[in-house]
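Take a look at the structure below.
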């Protein structure tokens, strides 16, 4: 069931072909192929240390692949930094690294992309405008906030995830990478975050949902890629395997 | 129950906040007022413009350092070398003004400490050694180099130049209005500098990045903020303000020693913490740091005037120590309630 490099794969939105990543003598990824297409939610499943984060860090430009090629919108690309990844539309939402807790929602929303107004030769933050845009654009994708000037630290985990997702959508991300977005959330909050993921899918965004727990992702994903000890175990469409089958493949209790 | 309370008080709070640079300044101002009222009630001769202006003058150097340190601490770093930079600036300014080069003196007395501050930042960024260690090292190294260059001799001049008066001359416009008052021009310079750096911190893109880097450098990096760049500039600002402090020192006293400013770095950090700056970074206010310097100066004056037996005035460090811990506890309490 391993994905093979076909023309069709290369034409999907993101296609990472035969990626091998070595750190010295340690082989973190061994010939793994992985991709996601527009309007698709792809689960990236694997136990702790299986190579999920390494694979994503290669996509984000944090690591360079030892062997392998990344295709974006059908063209080969070299992503050298998270900044470059973001410029082509790949946005990662990390659990602890997404937002700055001591800053307001709007300041977080525009961090690195601040709206400024000029007063003579000087440029100052247009805080009012930032708050208005932040509020209305989050509202557009179904996220309601009490006040854009509220500190992020006072929000719940689910609210923080949704703001990070909303930010990615607003700034025109084509691929959203969500790292364990629901693992620390209550049932009600998980449901909310999943609804934002569905909203992103309706907007034809590609979503990569990273988790070690198939239960978190089974309902929302369209397809599942499982990796184990740096190897690609298999990629399956929704309905091909049960939740238990996938769980067994993650732990290695069953071979594909 | 709790929710309805928040709703009714929110608009009023927002209105109050509108007039303040930042809500974090409320607590230090309240502390300053409490300390002033208590000393006024219990210390004879405390309540006078003479002692108030004395408190402000005594807070000048710590205040100047606290503006820079406060800015740097928001970015999540410390600078223990500002005391050494103060002395370096004093020598540069003193030597060049005495040689008839006041403007070159001014320029270099600001640029050299700013550069040495940036060096702290560059070492930190390159080596990833904590700023406490980096600046502990440069604190001694910078002062040691100053000793080598000056051969340890004190610099003293006799003339008061007109440029000195611009910085630390008597503020007669105010002093003539209020009897007994003895304000100096340095107050105006500190207010101006605090205004500028608070404006940068609170209202510019760079300031936004400083807060982000101090609170969560990983998230800042993820959003494309140039973390290293932000830290190096913040260190340069801390050095620059040490340069300002050195100029204020020499223009008022016409004396600088190799040991000048020693220990003042810790008072400045104390002032920033007392003024509401989080020791872990990501929150703080320049006005707060200035108010923190005033609180420490008020405590010192109050303790001196109290003339308590067994606690000589020199021993006011004990009071500073208590104040730092109390302020840190207060800050933690306030940030938790939010």
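The values are calculated or read from the model by the stated rules, or taken from the named source; none is laboratory data. For clarity, every value in this text was computed on a predicted model and none was experimentally measured. Glycine also receives a Cβ, built like all others from the backbone with ideal geometry; neighbour counts cover every protein chain displayed.
All of B:281, B:207, B:218, B:214 fail the test of being within 14 Å of another protein chain (Cβ to nearest Cβ) and outside any helix (DSSP H, G or I), apart from B:281.
Within segment A:126-159, the residues that satisfy the criterion of being part of a helix (DSSP H, G or I), within 11 Å of another protein chain (Cβ to nearest Cβ) and within 16 Å of residue A:110 (Cα to Cα) are A:127, A:130, A:152. When the residues of segment B:221-234 are narrowed to those that are part of a helix (DSSP H, G or I) and within 8 Å of chain A (Cβ to nearest Cβ), which ends up modelled with the highest pLDDT? Looking at the filtered set, the residue picked out is B:221.
Just one of the numbered conditions (1) without any contact (Cβ under 8 Å) to a residue 12 or more places away in the chain; (2) surrounded by fewer than 21 Cβ atoms within 10 Å (Cβ to Cβ); (3) over 23 Å from residue B:79 (Cβ atoms) is not true of residue B:169: (1).
Would you be able to say whether some residue in segment B:260-274 is within 14 Å of chain A (Cβ to nearest Cβ), part of a helix (DSSP H, G or I) and either free of Cβ contacts under 8 Å to residues at least 60 places away in the same chain or farther than 25 Å from residue B:112 by Cβ (or both)? No, segment B:260-274 has no match at all. Does at least one position in segment B:165-187 carry a residue that is modelled with pLDDT under 95, within 26 Å of residue B:236 (Cα to Cα), in a loop (DSSP other than H, G, I, E, B) and under 23 Å from the mean Cα position of the chain (by Cα)? Within segment B:165-187 (the criterion being modelled with pLDDT under 95, within 26 Å of residue B:236 (Cα to Cα), in a loop (DSSP other than H, G, I, E, B) and under 23 Å from the mean Cα position of the chain (by Cα)), the answer is yes, since at least one residue qualifies. Suppose the filter is buried (at least 17 other Cβ atoms within 10 Å of the Cβ) and either in a loop (DSSP other than H, G, I, E, B) or within 12 Å of another protein chain (Cβ to nearest Cβ) (or both); does residue A:114 pass it? Yes, satisfied. For segment B:1-46, a residue qualifies if it is at pLDDT 75 or above, part of a helix (DSSP H, G or I) and either surrounded by 13 or more Cβ atoms within 10 Å (Cβ to Cβ) or within 14 Å of chain A (Cβ to nearest Cβ) (or both), and the qualifying residues are B:25, B:26, B:27, B:28, B:29, B:31, B:32, B:35, B:36, B:38, B:39, B:40. Among the conditions (1) touching a residue at least 12 places away in the same chain (Cβ under 8 Å); (2) closer than 27 Å to residue A:86 by Cα, residue A:246 misses just one, which is (2). Checking segment A:228-247 against the condition returns a match, with at least one residue being part of a helix (DSSP H, G or I) and under 19 Å from residue A:36 (Cα atoms). The single condition among (1) free of Cβ contacts under 8 Å to residues at least 60 places away in the same chain; (2) more than 9 Å from chain B (Cβ to nearest Cβ); (3) touching a helix residue (DSSP H, G or I) at 6+ places or on another chain (Cβ under 8 Å) that residue A:163 does not meet is (1).
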